[in-house]
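A.B. asks: I am attaching a structure below and will ask some questions about it afterwards.
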Amino acid sequence: MGQPPLQQPPLELPTDELATLAARVTDEALRHLRRLESAPIRPATTGPQSLELFEEPAPEAGMGAAALDILRDVSEHSRAGTGRFFGYVMGSGEPVAALGDFFASVVNQNATAWRSGPATTIIERTVVSWLAQALGCVGFSGTITSGGSLANLMGLAMAREAKAPANEHGAPAGVVYASSEVHMSIGKAVALLGLGRDNLRLIPADADLRLDPAALRDAVVADRAAGRTPLAVVASAGTIVTGSIDPIAQIVEVAREHDLWVHVDGAYGVPAALVEPELFRGLHRVDSLTLDAHKWLYQPLDCSVLLFRDPAAARRAFSLTDDYAASLSSDPIEGQVFFEETLELSRRVRALKLWLSLRYHGFAAYRESIAGNLRQARRLAELVDAEPSLERLAEVPLSAVCFRWTGGDPDSLDAANAAILDRVNRRGRVYLSNATVGGKFALRACITNHRTTDSDVEAVVEEVLAATAG
Ligand SMILES: *Cc1c(COP(=O)(O)O)cnc(C)c1O
């Protein structure tokens with residue numbers, strides 16, 4: 001007959017060719033990991049050099065396996081996630097989890113509902129409930145999101161729909177409370193929800209940089225008296241700059257008196273509840289909470305967890321199902337749909353890496369690693385305190401240490417410390433970031449890395465003192 005012969009589809013690879021490619025990618029990945037310790041933390045790459053290497057015309061014809069040659073440059077012109085990277089709140093890309101990401105992409109399930117991925121739906125439910133239980137939030141459910149910013153937005157969307165519904169008729173006014181130390185993602189969420197940032201009541205943090213429950217109560221009472229509608233309070237656990245933890249149990253008390261939703265922004269700090277639950281008393285009584293697994297659970301980006309007490313509240317906020325997508329099953333397992341409880345529809349299976357890594361290492365190893373980071377931060381605080389030319393600028397309840405050098409002209413310490421930061425990072429042995437604490441320019445080291453050793457932490461003070469010499 002006149003049928004043309006079946007051709008190989010243009011993008012399809014024979015699996016043995018794929019095996020060769022996979023072996024090469026594995027080699028490059030291992031090379032990256034093996035050189036981490038000796039690599040400069042901050043690559044010496046300049047802007048023009050990065051353009052020269054990676055900006056190229058779109059390839060009309062494929063280059064085949066040669067396309068992979070550039071992976072080595074990608075590694076060498078990337079920031080090295082060694083145990084001495086202390087900037088921001090950066091996780092460390094646990095490699096078993098990275099393998100999980102690879103496998104998740106190959107299996108390529110859409111994490112919308114059970115019917116689109118029976119295995120991965122149960123895996124996501126399972127890993128979420130493991131975390132909820134480990135945090136003492138028994139019975140909470142939730143979903144995995146791209147990051148803390150989205151999880152915080154979703155938490156506040158649930159709060160708004162619970163306390164001042166807007167989904168049908170638009171947003172009535174309402175007030176959200178937080179301390180002045182709250183993360184910028186909360187301000188963004190309040191803006192996106194149409195509440196207006198004027199209605200984010202930032203209550204000046206107390207001397208320990210925590211939200212003062214009495215000041216919260218006063219602000220809520222004043223807003224009610226003025227005819228406004230208090231909606232929600234965001235408790236930070238811990239704050240992005242110093243890791244201070246708002247008094248969650250007392251905040252919950254105020255919230256219960258005044259019918260507020262309690263959302264905990266624990267994007268950075270809540271993993272510490274796996275080892276020091278007493279710091280987070282009241283966590284099991286909140287309405288929703290955010291935990292970034294790509295920070296202090298060491299996962300490769302991206303992986304954040306939103307937990308909530310009442311799945312009906314999530315459905316009130318996020319369910320709007322077309323016939324086209326409606327689940328036709330009333331079975332409690334086979335009828336599960338994530339998109340009724342999250343903003344996202346198509347989602348990659350972020351749960352698989354976390355699940356695989358937790359199964360491989362076990363919660364005990366995770367606890368040990370987090371406890372180690374906490375101990376290392378306290379050690380760094382002691383080293384700073386023991387050095388006469390250094391001044392610690394905040395308590396260290398978690399793993400962020402803020403300090404500065406005070407050996408120079410008292411009138412220009414901010415500029416001197418900014419220059420020290422630049423020199424420290426250029427020296428390339430440790431990487432610090434900066435923050436403002438009590439109006440002062442602070443050097444900031446945050447330890448959320450499974451690779452960090454005690455001697456890595458000692459290097460912080462050594463490098464800062466070396467950098468003061470110019
Ligand atoms: C990192 C962080 C966020 C934002 O999370 P992303 O995953 O970066 O979107 C929010 N709050 C706190 C306290 C954080 O540390």
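A.B. asks: Considering only C-alpha atoms, what is the centroid distance from segment 159-198 to segment 420-455, in Å?
C.D. replies: Between the Cα centre of segment 159-198 and that of segment 420-455, the gap is 33 Å.
A.B. asks: On to the next question. Any idea of the accessible area per residue across segment 48-137, 1.4 Å probe, to the nearest Å²?
C.D. replies: Details: 4720 Å² over 90 residues.
Accessible area per residue, segment 48-137: 52 Å².
A.B. asks: For residue 235, which sequence-distant residues (separation of 5 or more, or a different chain) have an amide H within less than 5 Å of its own amide H, given hydrogens modelled in the peptide plane?
C.D. replies: It is 263, 264, 265, by chain and number.
A.B. asks: Of all DSSP beta bridges in segment 158-254, what percent run antiparallel (nearest 5)? Intermediate results must be reported in sequence, preceding the final value.
C.D. replies: On the way: 1 of 8 bridges.
Looking only at bridges with both residues in segment 158-254, the antiparallel portion is about 10 percent.
A.B. asks: Just need the relative contact order of the chain here, percent rounded to a whole number, with Cα pairs under 8 Å and 6+ apart.
C.D. replies: Details: 850 pairs, mean separation 97.8, N = 470.
Once divided by the residue count of the chain, the mean separation gives 21 percent.
A.B. asks: Within 10 Å, count the other beta carbons around each residue, average over each peptide in 348-360, 55-67, 259-271, and list them highest first. Show your work: numbers first, answer last.
C.D. replies: On the way: 348-360: 22.9, 55-67: 7.8, 259-271: 26.7.
Highest mean packing first, the order is 259-271, 348-360, 55-67.
A.B. asks: Measuring from label point to label point, each 7 Å out along Cα→Cβ, what is the residue 409 to residue 70 span in nm?
C.D. replies: 4.8
A.B. asks: What translational D, rounded to a whole number of µm²/s, comes out for the chain from Stokes-Einstein when the hydrodynamic radius is the Kirkwood one over Cα pairs, at 20 °C and 1.002 mPa s?
C.D. replies: On the way: Rh = 24.3 Å.
Translational D for this selection: 88 µm²/s.
A.B. asks: Suppose each label sits 7 Å from its Cα in the direction of the beta carbon; what would the residue 455-residue 126 distance come out to in nanometres?
C.D. replies: In this crude label model, residue 455 to residue 126 measures out at 4.0 nm.
A.B. asks: Moving to a separate point now. Tell me the mean residue ellipticity at 222 nm calculated for the chain from its helices only (DSSP H runs of n ≥ 4, each -39500 (n - 2.57), averaged over every residue, nearest 500).
C.D. replies: Details: 14 runs with 191 residues, N = 470.
Rounded to the nearest 500, the figure is -13000 deg cm²/dmol.
A.B. asks: Moving on to the next point. Nearest 5 is fine: what % of DSSP beta bridges in segment 259-368 come out antiparallel, could you say?
C.D. replies: Numbers: 5 of 8 bridges.
Taking every DSSP beta bridge within segment 259-368, about 60 percent pair in antiparallel fashion.
A.B. asks: A further question follows. Given the Cα-Cα distance of residue 52 and residue 214 and 0.36 nm per residue of separation, how much length would full extension add, in nm? Before the final figure, lay out each step's value.
C.D. replies: Values: separation 162, 0.36 × 162 = 58.32 nm, distance 5.71 nm.
Separation in residues times 0.36 nm, less the Cα-Cα distance, equals 52.6 nm.
A.B. asks: Roughly what would the spin-label model give for residue 418 and residue 466, points 7 Å off Cα along C-beta, in nm?
C.D. replies: 2.5
A.B. asks: For the chain: lysine pairs with Cα atoms under 30 Å, gap of 8 or more or different chains, count? Numbers along the way, then the final one.
C.D. replies: Values: 163/188; 188/295; 188/353; 188/440; 295/353; 295/440.
Eligible lysine pairs with Cα atoms under 30 Å apart amount to 6.
A.B. asks: Per residue, how many Å² of accessible area does segment 363-470 show with a 1.4 Å probe? Mind showing how you got there, number by number?
C.D. replies: On the way: 4430 Å² over 108 residues.
About 41 Å² of surface per residue is accessible.
A.B. asks: Follow-up question, since we're still on this one. Count charges around residue 271 for me, please; just the other residues with Cβ under 12 Å from its Cβ, Lys/Arg as +1, Asp/Glu as -1. Mind dumping the intermediate values first?
C.D. replies: Numbers: positive: 295, 367; negative: 276, 292.
It works out to a net charge of 0.
A.B. asks: Which residues in segment 93-120 place their backbone N less than 17 Å from a point set 7 Å from the Cα of residue 365 along the Cα-to-Cβ direction?
C.D. replies: Label zone hits: 93-101.
A.B. asks: If you look at just the Cα atoms of segment 196-274, how large are its Rg and its Dmax in Å?
C.D. replies: Values for segment 196-274 (Cα only, Rg and Dmax): 12.7, 41 Å.
A.B. asks: At q = 0.25 Å⁻¹, what is the base-10 log of I(q)/I(0) for segment 14-99 according to the Debye formula with one equal point scatterer per Cα and no solvent? Please give it to two decimals.
C.D. replies: Here log10 of I(q) over I(0) equals -1.30.
A.B. asks: Let me ask something additional. For segment 142-282, what class follows from the C-alpha gyration tensor (a ≥ b ≥ c being the square roots of its eigenvalues): rounded when a/c is under 1.5, otherwise prolate if a/b is larger than b/c, else oblate?
C.D. replies: Working: a/c = 1.74, a/b = 1.25, b/c = 1.40.
Judged from the Cα gyration tensor, segment 142-282 comes out oblate (a/c at least 1.5, b/c at or above a/b).
A.B. asks: When the accessible area of the chain is split by element with a 1.4 Å probe, what percent falls to carbon and sulfur?
C.D. replies: Taking all protein chains in place, the chain shows 55 percent carbon and sulfur surface.
A.B. asks: Here's something else I'd like to know. Report the FRET efficiency, 1/(1 + (r/R0)^6), for residue 60 and residue 346, where r is their Cβ-Cβ distance and R0 is 51 Å, rounded to 0.05. Mind showing how you got there, number by number?
C.D. replies: Working: r = 29 Å, r/R0 = 0.57.
For R0 = 51 Å, the calculated efficiency reads 0.95.
A.B. asks: How would you order 11-23, 403-415 from highest to lowest mean count of nearby Cβ atoms within 10 Å? Intermediate results must be reported in sequence, preceding the final value.
C.D. replies: Details: 11-23: 10.4, 403-415: 15.1.
The most tightly packed comes first, giving 403-415, 11-23.
A.B. asks: Counting Lys and Arg as +1 and Asp and Glu as -1, each charge on the Cβ, what is the dipole of segment 313-470 about the Cα centre in debye, to the nearest 20? Intermediate results must be reported in sequence, preceding the final value.
C.D. replies: Working: 20 positive and 22 negative charges, 67 e Å.
It comes to approximately 320 debye.
A.B. asks: Sorted by average packing, counted as other Cβ atoms within 10 angstrom per residue and highest first, what order do 139-148, 453-462 take?
C.D. replies: In decreasing order of mean packing, 139-148, 453-462 become 139-148, 453-462.
The values are calculated or read from the model by the stated rules, or taken from the named source; none is laboratory data. These figures come from a predicted structure and were not determined experimentally. Cβ coordinates were reconstructed from backbone atoms using ideal geometry, including for glycine residues, and neighbour counts include every protein chain displayed. Remember, those area values only see protein heavy atoms, side chains included, never the ligands or the DNA or RNA. Shrake-Rupley method; radii C 1.70, N 1.55, O 1.52, S 1.80 Å.
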